[in-house]
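I have placed the structure first, in the form of structure tokens, so that the comments after it can refer back to it.
Rule-based calculations on the coordinates, nothing more; no lab input. Note that the coordinates shown come from a computational prediction; the quantities given were computed from them, not determined experimentally. A quick note on method: Cβ atoms are made from the backbone with ideal geometry, for glycine too, and the neighbour counts reach across all protein chains shown.
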Number of protein chains: 2
Amino acid sequence: MAPCVGLSMASPEPGSGSIGEFVRRRRKANRLSQRDLGELAGVGTRFVSELERGKPTLRMDAVNKVLLVFGKVLSYTEAPREVDLEAGT
Amino acid sequence: MAPCVGLSMASPEPGSGSIGEFVRRRRKANRLSQRDLGELAGVGTRFVSELERGKPTLRMDAVNKVLLVFGKVLSYTEAPREVDLEAGT
DNA sequence: TGAATATGTTCCCGATCGGGAATATTTCAG
DNA sequence: CTGAAATATTCCCGATCGGGAACATATTCA
């Protein structure tokens with residue numbers, strides 16, 4: 001396995017878009033296939049696919065393995081507004 | 001279940017400390033027991049405990065349910081350095 | 001247009017999450 | 001110090017994740 005992907009530019013703010021979008025963007029920017037990324041991160045190809053497509057029930061440890069390839073880790077931010085509890089109104 | 005906890009101050013940056021620390025801080029600031037928070041979020045008491053103590057294999061959906069109580073959601077940030085791949089040296 | 005590659009979907013299945021409740025600890029006020 | 005409340009740990013167990021591989025599409029490019 002490669003030591004670490006060269007990576008080009010890094011996103012300034014913590015969450016421009018969903019995690020999945022970020023991963024896909026980065027993966028493509030680095031010309032990696034899902035399989036490649038999966039191997040680099042130590043997760044399966046299917047997982048990479050699910051992650052990029054926004055599956056919500058993924059486990060944090062696996063997600064972090066992928067994010068780490070791009071020098072990121074899971075964190076938290078302000079919720080997108082209105083999305084608090086279902087106690088809307 | 002209560003509509004939404006009042007919440008006091010909100011952390012400016014997206015990840016001052018671990019997610020678990022954040023949750024615990026917030027929970028206490030709002031005088032909630034783990035059981036209360038669990039009910040508010042719709043997760044079990046044990047889960048809240050594990051989350052606050054930093055268990056890494058938790059599922060994102062459940063974590064988000066808890067974070068949402070405090071108006072947050074999972075996101076990603078710069079990794080703490082050195083923590084990239086295991087390709088150290 | 002057709003082949004090659006990448007991505008998405010499905011299946012099998014062991015591993016483990018997460019709820020719930022009981023029990024052991026820890027924490028804290030009086 | 002003492003007892004109550006809160007938190008941590010353990011157990012049972014259904015539900016589902018995640019790896020791996022096969023197969024179906026979708027993309028890409030010459």
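Here are some notes:
- The charge dipole of the range A:19-69, taken about its Cα centre with unit charges on the Cβ of Lys, Arg, Asp and Glu (plus for the first two, minus for the last two), comes to roughly 180 debye.
- Shielding by other protein chains, A:52-59, mean Cβ within 10 Å: 3
- Rounded to the nearest Hz, the phi-derived 3J(HN,Hα) couplings of the range B:38-47 under the Karplus curve 6.51 cos²θ - 1.76 cosθ + 1.60 (θ = phi - 60°) are x, 5, 4, 7, x, 10, x, 4, 4, 4, where x marks glycine and proline.
- Checking the cross-link pairs A:Lys72/B:Lys72; A:Lys28/B:Lys72; A:Lys28/A:Lys65; A:Lys65/B:Lys28; A:Lys28/B:Lys65 against a 20 Å limit on the alpha carbon distance flags A:Lys28/B:Lys72; A:Lys65/B:Lys28; A:Lys28/B:Lys65 as lying beyond it.
- A:Lys55 sits among other residues whose Cβ lies under 12 Å from its own Cβ, and their net charge, with Lys and Arg +1 and Asp and Glu -1, is +1.
- Long-range HN-HN contacts of A:Lys72 with modeled amide H, under 5 Å: B:Ala79
- Residue-wise HN-Hα coupling along the range A:21-28, computed from phi with Karplus coefficients 6.51, -1.76, 1.60 (Hz; x: Gly, Pro): 4, 4, 4, 4, 4, 4, 4, 5
- Viscosity 0.692 mPa s, temperature 37 °C, Stokes-Einstein D of the range B:19-69 from Kirkwood C-alpha radius, µm²/s: 316
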